[in-house]
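These notes concern the structure reproduced below.
The values are calculated or read from the model by the stated rules, or taken from the named source; none is laboratory data. Keep in mind that this is a model prediction, so the values were computed, not measured. Don't worry about glycine lacking a Cβ; one is built from the backbone with ideal geometry, like all the others, and counts go over all protein chains shown. Side chains are part of the model used for accessible areas, which takes the heavy atoms of the whole protein and leaves out ligands, DNA and RNA. Shrake-Rupley method; radii C 1.70, N 1.55, O 1.52, S 1.80 Å.
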Amino acid sequence: MNLSKTKLNLYSRLGSRKQREKLGLFIAEGEKCVEDTLPYFIPEAIIVMEKDSTVQEKYESYPIFTVNESDMRKLSQFQSLPEVIAVYRIPKPRNFCKDDFSNGLTLMLDGVQDPGNLGTILRTASWFGVERVIIGPGCADPYNPKAVQSSMGAVGMIMFCQSELLPVIEEHPEIPVCGTLLDGNDIYTTPLRIPAFVVMGNEGQGLSEAVRRKVNLPLLIPSFASGPHSESLNVAAATAITVSEFMRRTI
């Protein structure tokens with residue numbers, strides 16, 4: 001079935017966060033991304049190129065629509081034209097109960113603005129078995145097409161919610177708040193325990209001042225370079241190292 005002009009115009013707006021939130025829909029682009037996300041979301045439409053019968057057959061059990069190359073370019077948010085796009089319904093927002101935080105590791109994101117970094121962090125959290133992620137204000141949208149793609153399906157696997165960070169921290173004074181800071185303690189020699197809150201900050205500015213004041217276990221990821229080295233780690237890389245060290249020493 002050909003995709004109608006009405007649907008084409010509707011779905012072509014899903015590159016905008018405002019429109020995703022308004023319509024309750026998001027997209028996954030490319031066959032690999034669609035395969036990774038299809039088990040976790042309800043597809044409203046699977047859109048394929050009209051000339052690609054092999055891909056059409058693969059998704060024939062779903063609501064499938066065909067478009068020409070020109071219309072596929074209108075739908076896509078990437079330079080490389082995808083062979084398939086899935087349009088999904090955004091699930092109902094999750095909320096964690098107060099008792100949820102008494103077990104396991106909670107990853108908190110404070111102003112992570114790059115959707116690629118956000119998706120990679122969700123992928124990392126899924127790999128290391130992080131129980132929950134709280135995406136704070138100022139962060140990228142986890143349903144941004146770039147975040148969805150870089151998450152490699154983790155956007156559907158990991159338990160996350162979008163919420164203010166400070167109320168959760170203040171409600172649990174017994175749980176240590178860990179953050180990576182330049183004046184922190186060496187992560188490889190500092191005692192770590194779970195449950196814990198691990199907060200990761202903005203790509204350029206780090207943690208916001210309000211969240212920084214709540215950190216009572218500052219951590220430093222030291223450089224092992226003997227010569228000149230980069231000023232800092234990418235937030236996604238720093239998250240992977242931090243979460244890995246927690247899991248390595250607390251399993």
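Listed values, structure above:
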read-out	value
Residue within the range 11-18 that is under 22 Å from residue 92 (Cα atoms), open to solvent by 100 Å² or more (accessible area, probe 1.4 Å) and either touching a residue at least 40 places away in the same chain (Cβ under 8 Å) or within 17 Å of the chain's Cα centre (by Cα) (or both) present	no
Residue in the range 77-90 that is basic (Lys, Arg), outside any loop (DSSP other than H, G, I, E, B) and farther than 24 Å from residue 166 by Cα present	yes
Exclusive hit being among the aromatic types (Phe, Trp, Tyr) and over 23 Å from residue 93 (Cβ atoms), set 197, 224	224
The lone exception for residue 175 - which of (1) in a loop (DSSP other than H, G, I, E, B); (2) in contact with a Ser or Thr (Cβ under 9 Å, 6 or more places away or on another chain); (3) open to solvent by 30 Å² or more (accessible area, probe 1.4 Å) it fails	(3)
Any hit, the range 109-117, residues being open to solvent by 50 Å² or more (accessible area, probe 1.4 Å), farther than 21 Å from residue 214 by Cβ and without any contact (Cβ under 8 Å) to a residue 60 or more places away in the chain	no
Among (1) of a type in the set (A, V, I, L, M, F, W, C); (2) under 23 Å from residue 35 (Cβ atoms); (3) surrounded by fewer than 23 Cβ atoms within 10 Å (Cβ to Cβ), the one test that residue 97 misses	(2)
Options 221, 241, 194: the member that is farther than 16 Å from residue 110 by Cβ, at pLDDT 95 or above and among the β-branched types (Val, Ile, Thr)	241
Residue selected from the range 178-190 under the condition open to solvent by less than 10 Å² (accessible area, probe 1.4 Å) and without any contact (Cβ under 8 Å) to a residue 60 or more places away in the chain, by the criterion nearest to the chain's Cα centre (by Cα)	179
Single residue of the range 48-92 satisfying the filter (open to solvent by less than 60 Å² (accessible area, probe 1.4 Å) and among the acidic types (Asp, Glu)) that is modelled with the highest pLDDT	71
Filtered residues of the range 193-211 (kept if closer than 15 Å to residue 166 by Cβ, assigned to a loop (DSSP other than H, G, I, E, B) and either open to solvent by less than 30 Å² (accessible area, probe 1.4 Å) or free of Cβ contacts under 8 Å to residues at least 12 places away in the same chain (or both))	207
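Yes or no, residue by residue, for (1) in contact with a Lys or Arg (Cβ under 9 Å, 6 or more places away or on another chain); (2) of a type in the set (Phe, Trp, Tyr):
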{"site": "86", "(1), (2)": "no, no"}
{"site": "89", "(1), (2)": "no, no"}
{"site": "101", "(1), (2)": "yes, yes"}
{"site": "104", "(1), (2)": "yes, no"}
{"site": "108", "(1), (2)": "no, no"}
{"site": "112", "(1), (2)": "no, no"}
{"site": "115", "(1), (2)": "yes, no"}
{"site": "121", "(1), (2)": "no, no"}
{"site": "124", "(1), (2)": "no, no"}
